[in-house]
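Asks: The structure follows.
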Ligand SMILES: Nc1ncnc2c1ncn2[C@@H]1O[C@H](COP(=O)(O)OP(=O)(O)OP(=O)(O)O)[C@@H](O)[C@H]1O
Ligand SMILES: [Mg+2]
């Protein structure tokens with residue numbers, strides 16, 4: 001008997017929902033039913049006997065997470081409460097608390113938002129006697145970029161750029177302020193648990209055992225730190241399904257890492273990668289997409305009409 005979660009889907013969506021093992025990349029246009037693949041795939045896995053506790057679904061906004069939870073609840077009922085359905089940042093916060101409990105450390109810390117962060121930078125600017133016209137926002141973005149690239153203040157390279165030079169002074173002072181106040185900022189919520197997993201195999205195994213099925217909506221919006229977080233959690237079992245928009249024109253202005261999509265099959269190898277193009281009007285493979293290497297190009301299953 002066919003699963004009821006395979007009904008109400010087009011053939012390509014159905015194929016994506018049924019491919020539950022191994023890495024899966026789903027590329028499709030806006031409004032073409034990508035999120036529907038995620039919700040049906042979760043319902044399908046639960047029906048197939050996958051424990052809901054092992055399922056992790058990640059979104060980018062709390063609103064998207066709440067919507068997905070509602071959609072799923074209407075499908076599977078209360079078991080949805082056992083599925084971990086969060087934003088990357090909310091997952092990171094949860095991981096930090098759990099890891100603190102595991103190490104029997106106090107899991108209490110404050111989270112600094114952008115306003116708190118700017119207050120810290122203003123205080124440091126005062127100490128450093130910076131000119132009032134100095135753009136602290138530019139320093140904040142540089143610090144964020146270094147954090148997301150996992151570059152510590154000691155590892156920064158010398159530069160002639162005045163903002164880079166200022167960042168060299170601000171960055172370590174800012175980290176000290178966070179530490180002194182037992183605070184983490186938004187970047188830390190992704191970077192800190194990722195570092196913990198990268199540094200400790202035991203920690204990594206705890207999370208990859210816990211979340212044996214990982215799904216990501218809006219994959220085109222992931223940055224390099226989020227990719228590393230995913231690699232740490234799903235790198236061993238490779239049961240990772242990501243769905244993203246195949247319209248390359250959106251990447252430039254969003255500043256997201258288009259390379260995360262291009263590199264998907266290299267980051268998550270295993271020969272079971274699939275790409276589906278089910279935008280209602282066009283099948284745009286491979287005209288718009290140039291894959292950096294042959295091995296990074298996903299094996300196309302579904303509708304290879306345009307190849
Ligand atoms: N096979 C289908 N049959 C009927 N309705 C569908 C099908 N696939 C998707 N839909 C409907 O189309 C709408 C858009 O679907 P969905 O939100 O999953 O698309 P999306 O690709 O995630 O959109 P976005 O680009 O905005 O993220 C929803 O109302 C969904 O229920
Ligand atoms: Mg969507």
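The values are calculated or read from the model by the stated rules, or taken from the named source; none is laboratory data. Since the model is a prediction, treat every value here as computed from it, not as a measurement. Neighbour counts are summed over all protein chains in view; Cβ atoms, including those assigned to glycine, are modelled from backbone coordinates with ideal geometry.
Conditions tested, residue by residue: (1) within 18 Å of residue 74 (Cβ to Cβ); (2) assigned to a loop (DSSP other than H, G, I, E, B); (3) away from ligand 1 (no atom under 14 Å from the Cβ); (4) at pLDDT below 90.
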| position | (1), (2), (3), (4) |
| --- | --- |
| 5 | yes, no, no, no |
| 16 | no, no, no, yes |
| 20 | no, yes, yes, yes |
| 27 | no, no, no, yes |
| 35 | yes, no, no, no |
| 39 | yes, no, no, no |
| 42 | yes, no, no, no |
| 46 | yes, no, yes, no |
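Listed here are the residues, each with its yes/no results for (1) touching a residue at least 12 places away in the same chain (Cβ under 8 Å); (2) part of a helix (DSSP H, G or I).
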residue: 192; (1), (2): yes, yes
residue: 196; (1), (2): yes, yes
residue: 203; (1), (2): yes, yes
residue: 209; (1), (2): no, yes
residue: 228; (1), (2): yes, yes
residue: 244; (1), (2): yes, no
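Asks: Let me ask another. Can you say whether residue 224 is under 30 Å from residue 37 (Cα atoms), touching a residue at least 12 places away in the same chain (Cβ under 8 Å), under 26 Å from the mean Cα position of the chain (by Cα) and exposed (fewer than 15 other Cβ atoms within 10 Å of the Cβ), as far as the supplied structure shows? Explain how you work it out, then say what you get.
Replies: On the way: under 30 Å from residue 37 (Cα atoms): yes; touching a residue at least 12 places away in the same chain (Cβ under 8 Å): yes; under 26 Å from the mean Cα position of the chain (by Cα): yes; exposed (fewer than 15 other Cβ atoms within 10 Å of the Cβ): yes.
So residue 224 fits the description; yes.
Asks: Looking only at residues in region 28-46 that are out of contact with any helix residue (DSSP H, G or I) (no Cβ under 6 Å at 6 or more places or on another chain) and more than 18 Å from residue 67 (Cβ to Cβ), which one is nearest to ligand 2 (Cβ to nearest atom)?
Replies: 29
Asks: Shifting gears a bit: Restricting to region 48-65, give me the number of residues that are in contact (Cβ under 8 Å) with a residue 12 or more places away in the chain, outside any loop (DSSP other than H, G, I, E, B) and more than 9 Å from ligand 1 (Cβ to nearest atom). I'd like the intermediate steps shown before the answer.
Replies: Filtering region 48-65 down to residues in contact (Cβ under 8 Å) with a residue 12 or more places away in the chain leaves 48, 50-62, 64-65.
Next, from what is left, pick out any that are outside any loop (DSSP other than H, G, I, E, B): 52-59, 62, 64-65.
Then keep just the ones that are more than 9 Å from ligand 1 (Cβ to nearest atom); that gives 52-59, 62, 65.
Selection size over region 48-65: 10.
Asks: Considering every residue within region 74-84, establish whether at least one is within 12 Å of ligand 1 (Cβ to nearest atom), in contact with a strand residue (DSSP E or B) (Cβ under 7 Å, 6 or more places away or on another chain) and part of a helix (DSSP H, G or I). Don't jump to the end; show me each part of the working.
Replies: Step one: list which residues in region 74-84 are within 12 Å of ligand 1 (Cβ to nearest atom), which gives 74-75.
Imposing the further condition that a residue be in contact with a strand residue (DSSP E or B) (Cβ under 7 Å, 6 or more places away or on another chain) reduces the set to none.
No - not one qualifying residue is present in region 74-84.
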